[in-house]
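Right, one structure below, let's go through it.
Bear in mind these aren't lab numbers, they're just calculated from the coordinates by the rules spelled out. Keep in mind that what you see is a predicted model, and the values were worked out from it rather than measured. Cβ placement follows ideal geometry from the backbone for every residue including glycine, while neighbour counts extend to all protein chains displayed.
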Amino acid sequence: MVLSVLSAASILLTNVWAQPADGDILVGSFSQSSLSGWRSRSFKGDTKYELVKDPDTGAQVLAARAAGTASGRYREIKIDLTKTPYLNWSWKVENIFPGIDENMKSGDDFPARIYVVVERGMLGARSLALNYVWASQHSLGSEWPSPYSGQVHLVATDSGQQGLGAWVNHKRNLRDDLKRSFGQDITEIDAVAIMTDADDHKGRATAYYGDIWFSPE
């Protein structure tokens, strides 16, 4: 049953499990018990990632548990956004971080985020990253630059208590979002990553990630 419409591209669902279709590009096939191609990167300590069975859907998903830590999983994969501009994913978040300031480095923590990287410059010095996050303080639909770098932008696709403990499915036109965030028509990305982090305010978070894929529409 549809509970509420979050935006033209993002819908909150409880009893529908989104799945890729023919012609889509599967990036994260967690439902198939696969982490093939995914690597780890630690920023501070190690968030624990493991494949588990979700009690709500029975599907295999990727669980993430952070305890004052910030590490992610990423996959290097080139995606042609002229052919498959839509990024699809689902996640379930158990808790948010009340009282933090997400505009400050001390509050740049999110129970769930999925982001893409556009590699540029020597050793990635001019690379761009767009993060879709579950915000604790920013309102739904908010967009803002990271306090760590203006080359990183964040979008609150979910916010606060709404939807906690339930699966949320998202479909975003990534090409349009990149253009709005960076003022450029970016037609290719180089990597996709996920991260559950709680290092800056030394908190705890638990989140679950479903499959991730790109689609033509």
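Computed over every Cα-Cα pair of the stretch 121-217 and binned at 5 Å starting from 0, the pair-distance distribution P(r) comes out as 2, 10, 19, 25, 21, 14, 7, 2, 0 percent. In the distance distribution for the chain, Cα-Cα pairs more than 26 Å apart total 28 percent.
Applying the Karplus relation 6.51 cos²θ - 1.76 cosθ + 1.60 with θ = phi - 60° to the stretch 210-217 yields 3J(HN,Hα) values of x, 4, 10, 7, 10, 9, x, 7 Hz, where x marks Gly and Pro.
Each of E94 and E50 was given a label point 7 Å from its Cα along the Cα-to-Cβ line. The distance between the two points is 1.2 nm.
Taking a point 7 angstrom from the Cα of S149 along the C-beta vector, which residues in the stretch 96-132 have backbone N less than 13 Å away? 116-131, by backbone N distance to the label point. Among the listed pairs K48/K202; K105/K202; K105/K171; K83/K179, those whose Cα-Cα separation exceeds 21 Å are K105/K171. Quotient of the Cα radius of gyration of the stretch 82-172 and 2.2 N^0.38 Å, N being its number of residues: 1.14. Segment T187..D101, full-extension length gain: 27.7 nm, with 0.36 nm per residue of separation and the alpha-carbon distance subtracted.
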